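Reading through the structure tokens given below for one structure.
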Amino acid sequence: MYKAIVKPLFDFIITLILTLILSPLLIPVVIGLLLTGEHYVFYSQKRVGYKNRRFKILKFATMLKNSPSLGTGSITTRNDPRILPMGKFLRKTKINELPQIFNVLLGDMSLVGPRPQMEADYYKFPEYIQEMIYNVKPGITGIGSIVFRDEEKWMSNPEMDVHAFYKAHIAPYKGELEVWYQENIGFFTDMMLLFLTIWVIVFPESDLTHRVFKTLPPLPDALK
């Protein structure tokens, strides 16, 4: 009942409220992006969504327009040269994700769920994860987004094959986290994940996530 009725209704109501509350913040960001970087505001990209259907995600522009064809492609590294002047701040504060409230209103996404991946990164998941990860709608935030809030720190070695490392270590663990989420989905879980999303932005070194959710899969040695 929660997934079928309560969660979609909650998403719609809260997203409408957020749209009204965040409007004063969104307008200055739009102006700032128009005046800096490549002077474009929104970034739309095809992602894998609910039941593995493709849809267009909407974000504030933080990187060069042609970034998927440059450097490390779909993976962003620490101090990535493709990030625009205003983009670093927007990414650190997660403000760049806010336009996805319109994806929620359109029914493509939820407030909480697995992050919608680019196809290149989706296929890095183990096959059994590919089959089940999007049995729920992808989310603006979720357990994977919180645990990997600073994913770039694992990609800071310039000699590293970032795509091989992602496939071998990050994608499998992200998959385990999303299996955990689907096994524990509920109102309390979603509320705590929304709270923790804000908490880890303010306190990025906090381990509160693992203290609240004691049954989370342990972090693999390669990511410690």
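The values are calculated or read from the model by the stated rules, or taken from the named source; none is laboratory data. Bear in mind that the values here come from a model prediction, so they are computed numbers and not experimental data. Counting neighbours? That spans all protein chains shown, and the Cβs are built from the backbone with ideal geometry, glycine included.
Out of 11, 80, report the one residue that is closer than 20 Å to residue 143 by Cα, touching a residue at least 24 places away in the same chain (Cβ under 8 Å) and among the charged types (D, E, K, R). Step by step, each of 11, 80 is checked, and only 11 is closer than 20 Å to residue 143 by Cα, touching a residue at least 24 places away in the same chain (Cβ under 8 Å) and among the charged types (D, E, K, R). Applying the criterion of at least 1 residues that are under 21 Å from residue 4 (Cβ atoms) to the helices (runs of 4 or more DSSP H) found wholly in segment 92-134 leaves 101-105, 127-132. Of the residues making up segment 35-53, those that are in a loop (DSSP other than H, G, I, E, B) and either of a type in the set (Ser, Thr, Tyr) or within 14 Å of the chain's Cα centre (by Cα) (or both) are 36, 40, 49. Here residue 215 clears all of (1) over 14 Å from residue 144 (Cα atoms); (2) surrounded by 14 or more Cβ atoms within 10 Å (Cβ to Cβ) except the condition numbered (2). Applying the criterion of being in contact with a helix residue (DSSP H, G or I) (Cβ under 6 Å, 6 or more places away or on another chain) and crowded, with 21+ Cβ neighbours inside 10 Å to the residues of segment 126-140, the residue that is farthest from residue 14 (Cα to Cα) is 133. Pull up segment 202-222, narrow it to residues that are hydroxyl-bearing (Ser, Thr, Tyr) and under 19 Å from the mean Cα position of the chain (by Cα), then point me to the one that is modelled with the highest pLDDT. Among those residues, the one meeting the criterion is 209. For segment 55-85, a residue qualifies if it is small (Gly, Ala, Ser) and surrounded by fewer than 19 Cβ atoms within 10 Å (Cβ to Cβ), and the qualifying residues are 69, 71, 73, 74.
Name the residue that is farthest from residue 190 (Cα to Cα), counting only residues in segment 103-128 that are touching a Leu at 6+ places or on another chain (Cβ under 8 Å) and in contact (Cβ under 8 Å) with a residue 60 or more places away in the chain. Selected residue: 105.
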